[in-house]
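Right, one structure below, let's go through it.
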Amino acid sequence: MELRKFRKKSPWILHYNAGSCNGCDIEILACLAPKYDIERFGMINTGNPKQSDILLITGPVTKRSRERIVELYAQMPEPKVVVCCGSCASTGGVFRGMYNIEGGVDQYIPVDVYVAGCACRPEQIIDGVVVALGILEEKNKEIEKSIKLAKAPVIEESQVNRREIAGTIF
Amino acid sequence: MMSNLLICISLVILAPIIGGLVYGIERKVKARMQRRIGPPIMQPFYDFMKLADKRAMIVHSAHAFFGIMHFVSLWFALGVLIFGGDLILVIFLHLMSTALLILGGFSTRSIFSHLGANRSAISALAYEPVLILIAVSIYMVTGSFDISSIFDANVPVLLYKMPLAFVALLLILPIKLKKSPFDVAEAHQEITGGAEIEYSGIFFEFLYTAKWLDYVFCYALVFIFAGNNLILGAGLVIGTFLYINALDNSTARVNYRQMLRFALAVALPIAFINLLITIF
């Protein structure tokens, strides 16, 4: 029996607010409520990184929350996917360039799905999570290997860019 | 006699599967009570298969060992219950499985784990005396602590003989099953699972399956109140199932002090009055 196909059937969600205005968070809670009811796909909002598969992040990364994001990501056992909910989590949004904002979530951890919108609608979140489930099913041991950064990060227009500096896999 | 033994063995082996089905139906029923569609009935087994595929991360080996032994001792307690063993021994074994979970919770440095273990201990303090009193009342009626003696033909149905004990059991079952309003030990929104928080992957699977076994254990305790009358037993189990889910959906969590006060000031006196009635 292929265990891989069961990943799609019971995705457990960890929701983290990295400094959001709470707009995307109430949309995520609306997904759990009776109207959209994502529990019918077997999703549970666990709130526990050690037992979850999908990391849902809302809001731009603030200086306070960046260590916590990396910590939460490290505590989740593989296979795992990261979904950014809303413009702020994807790029920094309207907060980009502010003194306390580090930019999008992908500055610090690898992101699989970006969900646009301010705030993103519950339908979009469900769509994004369904795309993430496809990625979760394809993940294999090769992807789980860690990568080492080869170059120093680039700083352009006060944003730290770590996208282009990922080196070869050791 | 031989067929009886076969039924007992197959019940013990199939207990996790029955418990998983009960849990699946419960999630469905709970969702329908909230006007949601709810997950499929096989959902607990999908979760089981998925958890088997996740990377196993352990805090330390003793922590993982306590989790596994929690499952094993609970299964053993259920086996003794199904084979008609000593009721006191069954309650003791169930308490031992809870104690192993508490030890596992205290063996890590996570504060949520400590809080959950603490509250599990308080829950055990709340329901254990009532269970013991119910067991003693059953001894007063049947003249033996053996569960198999309840199913003798000449023993009256326990529900008619001691209805107050059944009421006391109904009052403490939400504490045992960690259901609202007495789910302080688990409290997913508050301490995110309590003692089970540090388990992951295949080690969490043992705790997840132990939860299913707990359902079978509690509903088996309800079932023995009907004695030989199988139809009454099925009715009692279904009624209790609906009662627990309706209670879970309609009430908010109380804090552990209120839970302890309720169990010791309401449920325990009811069980004690029941014991006095069975003696005289």
**Separation of the residue B:232 and residue B:18 label points, Cα + 7 Å toward Cβ, nm** = 2.0
**Request:** With an 8 Å cut-off on Cα pairs and a minimum separation of 6 or more residues, tell me the relative contact order of segment B:152-280 in percent.
**Result:** 41
**Request:** Within a 10 angstrom radius of each residue's Cβ in B:44-52, how many Cβ atoms of other chains show up on average? Whole number is fine.
**Result:** 6
**Fill in**
When the charge dipole of segment B:1-141 is computed with +1 on Lys and Arg Cβ and -1 on Asp and Glu Cβ about the Cα centre, the Cα farthest towards its positive end, among B:40, B:85, B:64, belongs to B:40
**Request:** Extending each Cα 7 Å along its Cβ direction at residue A:78 and residue A:156, get the distance between those two points in nm, one decimal.
**Result:** 3.0
**Item:** Average partner coverage of A:3-13, which counts Cβ from other chains inside 10 Å
**Value:** 5
**Fill in**
Scalar couplings 3J(HN,Hα) for segment B:257-262 by Karplus 6.51 cos²θ - 1.76 cosθ + 1.60 (θ = phi - 60°), nearest whole Hz, x for Gly and Pro, are 5, 5, 4, 5, 5, 5
**Request:** Kindly list the residues of segment B:118-143 that lie in the label zone of residue B:264, defined by a backbone N under 19 Å from the point 7 Å along the Cα-to-C-beta vector.
**Result:** B:118-134
**Asked** What's the FRET efficiency of residue B:8 with residue A:64 using the Cβ-Cβ distance as r and R₀ = 56 Å, to the nearest 0.05?
**Response** 0.45
**Complete:** Bridge orientation stat for the protein assembly as shown from DSSP, antiparallel percent rounded to 5, came to 35
**Message:** Just to be sure I understand: of the beta bridges DSSP finds with both ends in segment A:3-144, what percent are antiparallel, rounded to 5?
**Reply:** 10
**Item:** Listed residues B:18, B:180, B:105: farthest to the positive end of the dipole of chain B (Cβ charges)
**Value:** B:180
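Suppose every K and R has +1 on its Cβ and every D and E has -1 on its Cβ; what is the size of the dipole of segment B:2-279 about the Cα centre, in Debye to the nearest 20? Don't jump to the answer; show the numbers that get you there.
Values: 19 positive and 15 negative charges, 165 e Å.
So the magnitude is around 800 debye.
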**Message:** Can you give me the long-range amide H partners of residue B:253? Hydrogens built in the peptide plane at 1.01 Å from N, cutoff under 5 Å, separation of 5 or more residues or another chain.
**Reply:** none
**Asked** Against the longest principal axis of chain B, how steep is helix B:201-223, in degrees 0 to 90 to the nearest 10, with axes from Cα atoms?
**Response** 20
**Item:** Calculated FRET efficiency for the pair residue B:276/residue A:131, C-beta based, R₀ 51 Å, to 0.05
**Value:** 0.20
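Restricting to DSSP H runs of at least four residues, report the calculated mean residue ellipticity at 222 nm for chain B, -39500 (n - 2.57) per run over all residues, nearest 500 deg cm²/dmol.
Values: 11 runs with 198 residues, N = 280.
For chain B, the value works out to -24000 deg cm²/dmol.
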**Complete:** Nearest 10, in degrees from 0 to 90: the angle of helix B:2-33 to the longest Cα principal axis of chain B is 60
**Fill in**
Scalar couplings 3J(HN,Hα) for segment A:10-20 by Karplus 6.51 cos²θ - 1.76 cosθ + 1.60 (θ = phi - 60°), nearest whole Hz, x for Gly and Pro, are 9, x, 9, 9, 10, 9, 10, 9, 8, x, 6
**Asked** If you place +1 on the Cβ of every Lys and Arg and -1 on the Cβ of every Asp and Glu, how big does the dipole about the Cα centre of the protein assembly as shown come out, in debye to the nearest 20?
**Response** 400
**R0 of 51 Å, Cβ-Cβ distance residue B:99-residue A:5: FRET efficiency to nearest 0.05** = 0.85
**Fill in**
Between the Cα axis of helix B:111-142 and the main Cα principal axis of chain B, the angle (0 to 90°, nearest 10) is 10
**Prompt:** From the phi of every residue in segment B:267-272, what ³J(HN,Hα) in whole Hz does the Karplus formula 6.51 cos²θ - 1.76 cosθ + 1.60 yield, where θ is phi - 60° and glycine or proline is x?
**Reply:** 5, 5, x, 4, 5, 6
**Complete:** Long-range amide H partners of residue A:82, meaning residues 5 or more apart or on another chain whose placed amide H is closer than 5 Å, are A:55, A:112, A:113
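Within segment B:2-279, count lysine pairs with alpha carbon atoms under 14 angstrom apart where the residues are 8 or more positions apart or belong to different chains.
Details: B:30/B:179; B:176/B:211; B:178/B:211; B:179/B:211.
Number of lysine pairs found: 4.
How high is the relative contact order of chain B, in percent, counting Cα pairs under 8 Å that sit 6 or more residues apart?
Details: 408 pairs, mean separation 74.6, N = 280.
Relative CO of chain B lands at 27 percent.
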**Prompt:** Hey, got the average number of other protein chain Cβ atoms within 10 angstrom for residues in A:74-82?
**Reply:** 3
**Fill in**
With +1 at each Lys and Arg Cβ and -1 at each Asp and Glu Cβ, the charge dipole magnitude of segment A:3-144 around its Cα centre, to the nearest 20 debye, comes out at 180
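Every read-out reported here was derived from the displayed coordinates using simple, explicitly stated rules and does not represent laboratory data. In this text, all values refer to a predicted model and were calculated from it rather than measured experimentally. FYI the Cβ positions are ideal-geometry reconstructions off the backbone, even for glycines, and counts take in every protein chain you see.
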